[in-house]
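The values are calculated or read from the model by the stated rules, or taken from the named source; none is laboratory data. The model shown is predicted, which means the values in this text are computed figures rather than measured ones. As a convention, Cβ positions derive from the backbone with ideal geometry for all residues, glycine included, and neighbour counts pool all protein chains shown.
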Amino acid sequence: MADENKILYNSFLKEKNIYNLNSGYWKRKLLNKLDLKFSLENQYVTNKKSNGKNFYDGNPIFSYIENDKAFRIIQENPEDLSSYNNIKLIDAWIDKLYKSENQQIPELVISLYLTRETVDKTIELIKEFRFDNLNKENIEQFL
């Protein structure tokens, strides 16, 4: 596997401290590269159980909502890579997020295995989505 496709934070689902480092990596990277203003109000999906305890499953590893658009990053289990042939390292689609019964907004969902290359593609996808240059038809050209 080439260096840009080397899995980062390989044990993030097994070790809570690695998961937290991984989550922090996404925050730093996206806030820096996309000039996002992160707050609890912008994080529309939290990784908390009803009892208030965190859960660590990678869905989402990061979520963000702004200006009637949202995006969510799902980080897949790296162990799956040894179980399947020809697996895609990144996939994306546009879904609908229901803010209320009467209001829905577009949500970019990105599912990936964390590598340097998938981080770069994620940043490009989000940039295009934020500036209305991404739609269901042209997602594949970014992947």
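A few notes on this one:
- Candidate set: the range 1-52, residues that are in a loop (DSSP other than H, G, I, E, B) and of a type in the set (Asp, Glu); chosen: the one nearest to ASP80 (Cα to Cα): GLU15
Residue-by-condition table, conditions (1) out of contact with any helix residue (DSSP H, G or I) (no Cβ under 9 Å at 6 or more places or on another chain); (2) of a type outside the set (Val, Ile, Thr); (3) modelled with pLDDT under 90:
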site	(1), (2), (3)
LYS69	no, yes, no
SER83	yes, yes, yes
ASN86	yes, yes, yes
LEU97	yes, yes, no
LEU112	no, yes, no
THR115	no, no, no
ASN133	no, yes, yes
LEU143	no, yes, yes
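- Members of the range 21-33 that are loosely packed, with under 15 Cβ neighbours inside 10 Å, among the aliphatic types (A, V, I, L, M) and under 17 Å from LYS127 (Cβ atoms): LEU31
- Under the condition of being surrounded by 15 or more Cβ atoms within 10 Å (Cβ to Cβ) and either hydrophobic (A, V, I, L, M, F, W, C) or in contact (Cβ under 8 Å) with a residue 60 or more places away in the chain (or both), the residues counted in the range 1-20 number 7.
- Tallying residues that are in contact (Cβ under 8 Å) with a residue 24 or more places away in the chain and either aromatic (Phe, Trp, Tyr) or surrounded by fewer than 12 Cβ atoms within 10 Å (Cβ to Cβ) (or both) within the range 88-115 yields 2.
- The range 48-87: number of residues that are closer than 25 Å to LYS127 by Cβ, surrounded by 13 or more Cβ atoms within 10 Å (Cβ to Cβ) and not hydroxyl-bearing (Ser, Thr, Tyr): 15
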